[in-house]
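Throughout, read-outs are computed from the coordinates displayed, never taken from laboratory work. These numbers were taken from a predicted model, which means no experiment stands behind them. Reconstructed Cβ throughout: ideal geometry from the backbone, glycine too, with neighbour counts over all protein chains shown.
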Amino acid sequence: MDGNAKTISYKACPVGGAAFRDADKIWLSGIIPDHNHPRMEPDNSPTKEKQMGRMEQHQRFMDMALEQARAALKAGEFPVGAILVAEGEVVAEGCRQNSGGVAPTELDHAEIVALRRLLTQKPEIKRSSLTLYATMEPCLMCYATLLLNGVRRLVYAYEDAMGGGTSLPLAQLAPLYRELAPEVEIIPHVRRRESLALFQRFFRQPDTSYWQDSLLARYTLEQQGS
Ligand SMILES: [Zn+2]
């Protein structure tokens with residue numbers, strides 16, 4: 001993605017690698033259908049019990065992404081956290097950076113921060129084995145970047161009603177995207193309530209200026225649940 005990736009430096013997330021310690025080795029091989037990306041069920045369809053077990057695994061990893069989001073909020077950033085998981089182990093984590101401060105950008109989204117870390121620190125990881133956990137639905141930039149870097153399974157907590165990118169109709173795009181469309185799984189609303197609570201706290205802060213008075217802010221503050 002970036003020929004200069006190895007020279008890029010970035011701030012460490014405030015919680016560092018703490019979230020890694022409790023990561024058990026868990027296989028994440030389940031398929032939870034999503035209306036945006038319908039798939040054929042395999043012949044050995046998982047039982048309801050197994051599906052529940054997988055959802056518990058998703059919740060457990062999302063809890064780690066939420067730790068990243070809380071660290072972002074504590075640092076005054078938009079509260080988004082992300083982790084990447086491969087074969088049951090957390091291999092990278094990230095939280096939103098530069099959503100405020102003297103030079104705010106729309107580049108250092110949590111998913112991009114985590115992906116950069118993975119590509120610079122663990123380039124040997126098999127990309128197709130990756131699952132992204134993000135506390136907010138990935139935007140168009142992050143969704144496309146993750147897909148182009150081989151990530152095919154995305155789990156998110158809170159929908160981005162203003163700028164979410166995962167409803168992009170891949171099958172109607174150019175061949176590169178059309179061909180990967182059947183492989184993409186989107187699993188929404190894992191730990192939605194917990195993530196929503198962080199965004200509501202962010203938008204209720206009197207000194208928040210990032211996306212203040214936006215559709216996202218209004219939508220978030222109208223939601224029940226915290
Ligand atoms: Zn993004």
Can you give me the C-alpha center-to-center distance between the stretch 103-136 and the stretch 172-188, rounded to a whole angstrom? 19
Residue 141 to residue 128: extension gain in nm, 0.36 nm per residue of separation minus the Cα-Cα distance? 2.8 nm
Of 157, 181, 121, which is farthest towards the positive pole of the stretch 100-181's charge dipole, taken about the Cα centre with +1 and -1 on the beta-carbons of Lys, Arg and Asp, Glu respectively? 121
When Lys and Arg each count +1 and Asp and Glu each count -1, what net charge do the other residues less than 11 Å away from residue 211, Cβ to Cβ, add up to? -2
About the Cα centre of the stretch 71-226, how large is the charge dipole given +1 on each Lys and Arg Cβ and -1 on each Asp and Glu Cβ? Please answer in debye to the nearest 20. 180
Taking 0.36 nm per residue of separation and subtracting the Cα-Cα distance, what length does fully extending residue 197 through residue 47 add? 50.8 nm
